[in-house]
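I have placed the structure first, in the form of structure tokens, so that the comments after it can refer back to it.
The values are calculated or read from the model by the stated rules, or taken from the named source; none is laboratory data. Keep in mind that what you see is a predicted model, and the values were worked out from it rather than measured. In this analysis, Cβ positions are derived from the backbone assuming ideal geometry, glycine residues included, and neighbour counts consider all displayed protein chains.
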Amino acid sequence: MKKLLFIFSTLSAGIFFSCNREALNKTPLNIISDANVWNDPALINAYLTQIYSDMPVLGNDCSGNGWSGDAVWYAFDVNDVSDECFPQWRDWKPSTAYLYKYGNLNISGGLLDWWGYGTVREINQFIEHIPTTPLTAAQKSSMLAEARFLRAFAYFSMVKRYGGIPLITKVQNLTDPDSTLYPARATEQRIYDFIISEMDTCAAGLPDVVSADQLGHPSKYAALALQSRAALYAGSIAQFGTVQLNGVVGIPANLANAYYQKSYTASQAIINSGKYALYALDADKITNFRNIFLVKNNSEVIFCKKHDANNEFTGGNGWCVDFFNCPRPQAWSRGLYDQAYLELAESFEHIDGTPGTLDRTAIQQGLYSIDSIWANKDPRFYATFYTQGTAWKGSTLDFHAGLRLPDGSIQTSGTYNGISATGDQDFQGTGIGVLKYLDESHDNMAGANSGWPTSAQDWLIFRYAEILLNDAEAAFELGNTAEALNAVNQVRSRAGIVPLTSITRDTIHHERKVELAFEGQRYWDVRRWRTATSDLSVRWSGIRYILDAASGKYQIQIIDDVDGSSNIPQFRQENYYLPITIARTANNPKLVENPGY
């Protein structure tokens, strides 16, 4: 490659660390020669920064879709296709991802699609050039480990989507033979083995602690966290999946325990390091859980995508979580983009450990105060959702949709004795918004003209609670129930909910569902457990609050089939892998398509 084209926008230059602009201005920035790039430390840093920019999957598995990663609504797609929520703005249809949850995924693809070989090539180029640069030996070692970490992360992002994929670790050239230019898919096992092995190397080359000016870069423990997660996925796929296409998808069942052991060992290394701890600085359990995602660089953060409050579209590194998911008022008179299903809200237990499921027959009879409906819930419930009566910016949110008159009739518009028939929040969704990650101080009225990507909350890619839950799951599958119980109870204790006295696979899965809600984990979890055909093929519900004009209490209605009567959630067996797609198999016939497409 004789010339490297760099578009050093302030977007890419600010994503993970800032570059020295005077140094970058030594030569024209539209076309920079190889010699200039690999002999200038500032340009080498800029190249590495560009790799981060080209990995939208670092922001909640966003595939980018031609936009700037998590600056737009695509950051929520992985949540919207799970059993957590759907996008309320369906009349506008900013994202079509939710359509795939209704059985519409086919060989043309489109769902969460990220074929990251452009990024892999960039990384391979970087890895091949770094040894010949004028950097110090220590700098070379650290940068090589970082690049290999990013390459493994890219492969992990692809293998969990497609299963086995081509494994390319060297730069391809046009003069290479067809066997190199058009590689076949490696087995799924080989890709996971590559990721896990690479993390052994990366952990040895990355720093134990990332310096203040390098926050957002991986440490040794970020590598171990990726190893913990990837090995856990591989163990689950071996245990619950089926080997097909001669191993291109699926992993032999007899390897499950070896992968679980690798995950457990990596998790234990993080736990025993003492470098991280569950965030527990706030006495109020609700505030404490919210602050995990609002307090930067807290004790729980192992690896994150850094953000600031400056508009990404105009040179900053903000993202869109507040503008899209906030309650009203909002600049577009919308907000409440993700609407959580009632079933997920019910999954949060009471603090005494009793189930949080509503008696749907009883709850629709009589009148209730909001406190009595959601009383004594796991504090994580109040920190994860907002609904009727939730405190917000010095007021309380009002979702009521209808006014019950003295004669028992329901008024749905206008007013009665000065009381509005509807509240100030959107009531056409599930009645439950997503509070996790929201910052009440954010100005949600300043989003006109593409002004919305200004949320400063870092996206937590790996955090300590996940490591404890990984540890619990791997330990349980290896027969170490005492360790599993202890790890889960650490998470529950921090949350403020009664500890468990015994542990099962179901209780571990349930704890992940609650603790990690809206963190981009649920969709991949039910896929690797091979429970998605049942867990994601459910007609979900919402809740409607009707204000009783006389008492101020509420009549409750359960909204069945809240996705719409014609939108029937359906996850088919073949959907455990995304399609390679016609376009890719036509370009490279060795890319055999996944089963069922």
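Here are some notes:
- Failed condition for residue 120, given (1) among the hydrophobic types (A, V, I, L, M, F, W, C); (2) more than 21 Å from residue 69 (Cβ to Cβ); (3) free of Cβ contacts under 8 Å to residues at least 60 places away in the same chain: (2)
- Within the range 358-394, being under 19 Å from residue 282 (Cβ atoms) and not charged (D, E, K, R) holds for 379, 381, 382, 383, 384, 385, 386, 390, 391, 392.
- The range 314-341: number of residues that are crowded, with 23+ Cβ neighbours inside 10 Å, of a type outside the set (D, E, K, R) and not in a loop (DSSP other than H, G, I, E, B): 7
- Here residue 352 qualifies as more than 19 Å from residue 558 (Cα to Cα) and at pLDDT 95 or above.
- Residue within the range 378-389 that is small (Gly, Ala, Ser) and over 25 Å from residue 83 (Cα atoms) present: no
- Subset of the range 509-527 (residues that are among the basic types (Lys, Arg) and touching a Leu at 6+ places or on another chain (Cβ under 8 Å)): 512, 513, 522
- Pick from the range 105-125, criterion among the aliphatic types (A, V, I, L, M) and outside any helix (DSSP H, G or I), ranking: farthest from residue 38 (Cα to Cα): 105
- Yes/no for residue 514 being under 30 Å from residue 290 (Cα atoms) and in a loop (DSSP other than H, G, I, E, B): no
- Remark: pairs (first residue in the range 140-164, on the phi > 0 side of the Ramachandran plot; second residue not β-branched (Val, Ile, Thr); Cβ separation under 8 Å; 6+ apart in sequence or on different chains) = 163/185; 163/188; 163/250; 163/577; 163/594.
- Residue 107, sole failed condition from (1) at pLDDT 95 or above; (2) in contact with a helix residue (DSSP H, G or I) (Cβ under 8 Å, 6 or more places away or on another chain); (3) more than 22 Å from residue 44 (Cα to Cα); (4) buried (at least 17 other Cβ atoms within 10 Å of the Cβ): (4)
- Yes/no for residue 325 being over 18 Å from residue 216 (Cβ atoms) and in contact with a Phe, Trp or Tyr (Cβ under 6 Å, 6 or more places away or on another chain): yes
- Being more than 22 Å from residue 551 (Cβ to Cβ), touching a residue at least 12 places away in the same chain (Cβ under 8 Å) and buried (at least 20 other Cβ atoms within 10 Å of the Cβ) holds for only one residue in 399, 381, and it is 381.
- Any hit, the range 158-179, residues being surrounded by fewer than 16 Cβ atoms within 10 Å (Cβ to Cβ) and in contact with an Asp or Glu (Cβ under 8 Å, 6 or more places away or on another chain): yes
- Test: residue in the range 357-377 that is buried (at least 18 other Cβ atoms within 10 Å of the Cβ), touching a residue at least 12 places away in the same chain (Cβ under 8 Å) and more than 23 Å from residue 549 (Cα to Cα): yes
- Of residues in the range 384-396 being over 25 Å from the mean Cα position of the chain (by Cα) and polar (S, T, N, Q), the one surrounded by the most Cβ atoms within 10 Å (Cβ to Cβ): 388
- Set 503, 543, 558: member being of a type in the set (A, V, I, L, M, F, W, C) and part of a loop (DSSP other than H, G, I, E, B): 503
- Test: residue in the range 401-424 that is assigned to a helix (DSSP H, G or I) and out of contact with any His (no Cβ under 8 Å at 6 or more places or on another chain): no
- Of the criteria (1) more than 14 Å from residue 163 (Cα to Cα); (2) touching a helix residue (DSSP H, G or I) at 6+ places or on another chain (Cβ under 7 Å); (3) among the small types (Gly, Ala, Ser); (4) surrounded by fewer than 24 Cβ atoms within 10 Å (Cβ to Cβ), which one residue 225 fails: (4)
- Being under 26 Å from the mean Cα position of the chain (by Cα), surrounded by 23 or more Cβ atoms within 10 Å (Cβ to Cβ) and at pLDDT 95 or above holds for only one residue in 194, 153, and it is 153.
- Residue in the range 483-505 that is at positive phi and in contact (Cβ under 8 Å) with a residue 60 or more places away in the chain present: yes
- Selection of the range 219-238 for residues being within 16 Å of the chain's Cα centre (by Cα) and farther than 15 Å from residue 461 by Cα yields only 233.
- Checklist (1) out of contact with any strand residue (DSSP E or B) (no Cβ under 6 Å at 6 or more places or on another chain); (2) under 30 Å from residue 361 (Cβ atoms) applied to residue 562, failing item: (1)
- Top-ranked residue in the range 556-573 [being aliphatic (A, V, I, L, M) and closer than 20 Å to residue 399 by Cα; ranked as farthest from the chain's Cα centre (by Cα)]: 556
- On the stretch given as the range 462-482, residues that are surrounded by 20 or more Cβ atoms within 10 Å (Cβ to Cβ) and farther than 24 Å from residue 531 by Cα total 2.
- Residues of the range 424-469 classified as without any contact (Cβ under 8 Å) to a residue 60 or more places away in the chain and not hydrophobic (A, V, I, L, M, F, W, C), total: 4
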